[in-house]
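The values are calculated or read from the model by the stated rules, or taken from the named source; none is laboratory data. Bear in mind that the values here come from a model prediction, so they are computed numbers and not experimental data. When we count neighbours, we look across all protein chains shown, and the Cβ atoms used for this are built from the backbone with ideal geometry, even at glycine.
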Amino acid sequence: MKTSTETIDPVQVKLTVEVEPKRVKQAFDRAARELAKQVDLPGFRKGKVPRRLLEQRFGSGVIAQTAMEDALSDYYAEAVQAEDLQPIAQPEVDVETFDEAEGCVFTATVQVRPAFDPPDHTGISVTFPEWDVDDAEVEQQLESMRERFAEVDEVERPAGVGDLVTIDLEVEVGGTKLEDATVEDALYEVGSEGVTPKLDEEVVGKEAGDTFTYEDELPEEYPDHGGEAATFHVTVKDVREKTLPALDDDFATSASEFDTIDQLRADLERSLTRRKVEQAQHELRGRILEAYLARVDVPLPPAMVDTEKTNRLHEVEHQAERFGMSAEQLLEAQGLSPEEHEEQAEEQATSSVKAQLVLDALATRIEPDLAPADIDQEIVRHAQANGVAPDEIARIVQEQGSLPALIGDIVRRKTIDAVVAAADIEGGPSDEELIELGLLEDPDATTDDDTAAAEDAGPGLIVPGREQDPDEDDDAPELIVPGRD
């Protein structure tokens with residue numbers, strides 16, 4: 001076999017393959033033998049019908065077509081290996097010759113990953129996002145807690161802003177009653193704008209037993225009739241007054257595990273700070289990756305982008321099925337048209353494929369460490385995200401042969417870690433603050449109790465078909481099961 005390649009563009013290669021007549025004849029003979037196994041002819045045992053009789057009965061073209069279909073895949077696989085190609089999609093094949101006397105000549109246009117040198121990943125300058133918590137945010141959390149512990153008493157007076165009213169509500173559009181908008185004995189907070197803003201205006205001053213009607217537009221997100229003019233019929237059944245508890249030590253004791261309001265405030269501030277720092281770290285990671293990707297312009301294989309786009313479009317369909325909706329209804333609820341969603345999926349697929357290509361190229365250069373424990377952690381991440389046992393995920397990974405894809409995800413994440421670690425970050429919490437927030441492990445915090453606990457711990461998750469490292473760790477965050485909707 002002779003092979004040669006011609007570069008069409010950075011992501012396409014034309015592979016030319018020439019196969020000697022002897023191998024092509026062998027392919028014809030194999031095809032004839034397989035066809036003979038399916039034919040009954042008087043005087044011949046099944047599988048022993050001579051080729052010339054098969055050609056007389058079916059024509060030589062049937063044998064040639066069968067031989068070509070079976071042999072081309074083998075020839076192509078050998079040629080790809082010989083030229084050290086890594087196709088990312090099915091090739092476009094053009095057969096010039098497939099004949100016992102002349103042999104076989106064909107070309108295959110193959111999409112491949114582009115070859116490029118990833119840019120230097122060090123020295124990216126970014127500012128840590130805002131993460132400070134002010135007193136107003138803490139007070140807002142305290143007010144939310146007060147609302148949850150408020151006492152509610154029925155009163156005999158007109159409703160005011162902040163009161164709760166029990167109402168019956170009917171809605172008409174064009175004289176037709178909307179059955180799905182009809183509610184009875186609904187508890188509504190005056191001023192919340194939970195139905196339409198005009199309801200809050202109309203209900204103020206009303207007492208138990210009052211009825212009224214008003215005209216307003218339905219919210220834009222309302223199914224089928226969003227934004228349309230409607231008539232609202234309301235009956236007020238009772239008025240209730242909320243009494244908020246005082247922000248004192250008694251409230252702290254009843255509403256939390258703390259003895260004083262100052263302790264509760266401090267804990268709320270710490271929780272808010274931790275949450276904002278985590279969000280800031282996630283945002284920072286995205287900023288750094290975006291800045292690094294901006295350093296390179298890499299050609300993208302259309303097949304990779306199309307596959308990623310298709311997966312994203314299908315994911316919406318799967319989500320809609322889980323909610324008992326159509327894809328169109330789900331998109332409408334998100335404020336997207338099918339055309340806008342497809343355009344969005346195209347943009348996201350393009351960004352995702354670029355990130356994958358660049359990170360894979362950088363990983364080849366920096367070679368991030370990959371320990372057996374990393375694979376177990378990834379499997380546990382999948383298990384936690386999907387509510388199944390790690391052993392079940394390990395079984396799925398083994399059955400689907402998706403361990404290489406799993407490892408690819410781990411390597412890319414570690415590569416991003418390396419880019420983040422090499423960035424120049426201005427601002428942000430100190431290591432001491434991160435340790436206090438529980439977002440960084442204290443290197444000096446190891447105790448005898450920790451050592452004993454580690455010695456008593458059971459073995460880590462064992463991936464079928466792989467030796468287990470005794471030092472593996474099982475902690476892991478969320479991910480998606482490979483191949484699972």
Out of everything in region 174-194 that is among the aliphatic types (A, V, I, L, M) and out of contact with any helix residue (DSSP H, G or I) (no Cβ under 9 Å at 6 or more places or on another chain), what residue ends up being surrounded by the most Cβ atoms within 10 Å (Cβ to Cβ)? Ala181
Given (1) exposed (fewer than 15 other Cβ atoms within 10 Å of the Cβ); (2) over 30 Å from Asp297 (Cα atoms); (3) not hydrophobic (A, V, I, L, M, F, W, C), number of the condition Pro158 does not satisfy: (1)
Evaluate region 324-335: report whether one residue or more is under 27 Å from Gly286 (Cα atoms), polar (S, T, N, Q) and either free of Cβ contacts under 8 Å to residues at least 12 places away in the same chain or surrounded by 16 or more Cβ atoms within 10 Å (Cβ to Cβ) (or both). yes
On the given criteria, is Val420 part of a helix (DSSP H, G or I), among the hydrophobic types (A, V, I, L, M, F, W, C) and over 26 Å from Val316 (Cα atoms)? yes
Quick one: in region 231-255, of everything that is in contact (Cβ under 8 Å) with a residue 60 or more places away in the chain and of a type in the set (Ser, Thr, Tyr), which residue is farthest from Ile167 (Cα to Cα)? Ser254
Residues of region 65-96 being touching a helix residue (DSSP H, G or I) at 6+ places or on another chain (Cβ under 9 Å) and of a type in the set (Val, Ile, Thr), in sequence order, are Thr66, Ile88, Val93, Val95
Of everything in region 224-273, what is assigned to a loop (DSSP other than H, G, I, E, B) and of a type in the set (Gly, Ala, Ser)? Give them in sequence order. Gly226, Gly227, Ala246, Ser256
Within region 77-102, of all residues that are in contact (Cβ under 8 Å) with a residue 60 or more places away in the chain and under 13 Å from Thr16 (Cβ atoms), the one surrounded by the most Cβ atoms within 10 Å (Cβ to Cβ) is Ala79
For the condition assigned to a helix (DSSP H, G or I), over 18 Å from Val17 (Cβ atoms), in contact with a helix residue (DSSP H, G or I) (Cβ under 7 Å, 6 or more places away or on another chain) and at pLDDT 70 or above, what is the one hit in Ala32, Ala27? Ala32
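Looking at Pro158, is it at pLDDT 95 or above, part of a loop (DSSP other than H, G, I, E, B) and either of a type outside the set (Asp, Glu) or over 30 Å from Leu284 (Cα atoms) (or both)? Give the steps one after another, and end with the answer.
Details: at pLDDT 95 or above: yes; part of a loop (DSSP other than H, G, I, E, B): yes; either of a type outside the set (Asp, Glu) or over 30 Å from Leu284 (Cα atoms) (or both): yes.
Considered against the rule, which asks whether it is at pLDDT 95 or above, part of a loop (DSSP other than H, G, I, E, B) and either of a type outside the set (Asp, Glu) or over 30 Å from Leu284 (Cα atoms) (or both), Pro158 comes out as yes.
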Just to be sure before I move on: is Ile396 surrounded by 14 or more Cβ atoms within 10 Å (Cβ to Cβ) and either of a type in the set (Ser, Thr, Tyr) or under 24 Å from Gln281 (Cβ atoms) (or both) in the structure I sent? no
Subset of region 261-270 (residues that are surrounded by 14 or more Cβ atoms within 10 Å (Cβ to Cβ) and without any contact (Cβ under 8 Å) to a residue 40 or more places away in the chain): Ile261, Gln263, Asp267
When you scan region 379-396, how many residues do you find that are closer than 23 Å to Asp360 by Cα and modelled with pLDDT of 90 or more? 1
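Quick grid of which residues meet (1) β-branched (Val, Ile, Thr); (2) out of contact with any Pro (no Cβ under 6 Å at 6 or more places or on another chain); (3) closer than 18 Å to Ala418 by Cβ:
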| residue | (1), (2), (3) |
| --- | --- |
| Glu339 | no, yes, no |
| Glu343 | no, yes, no |
| Thr350 | yes, yes, no |
| Pro368 | no, yes, yes |
| Asp376 | no, yes, no |
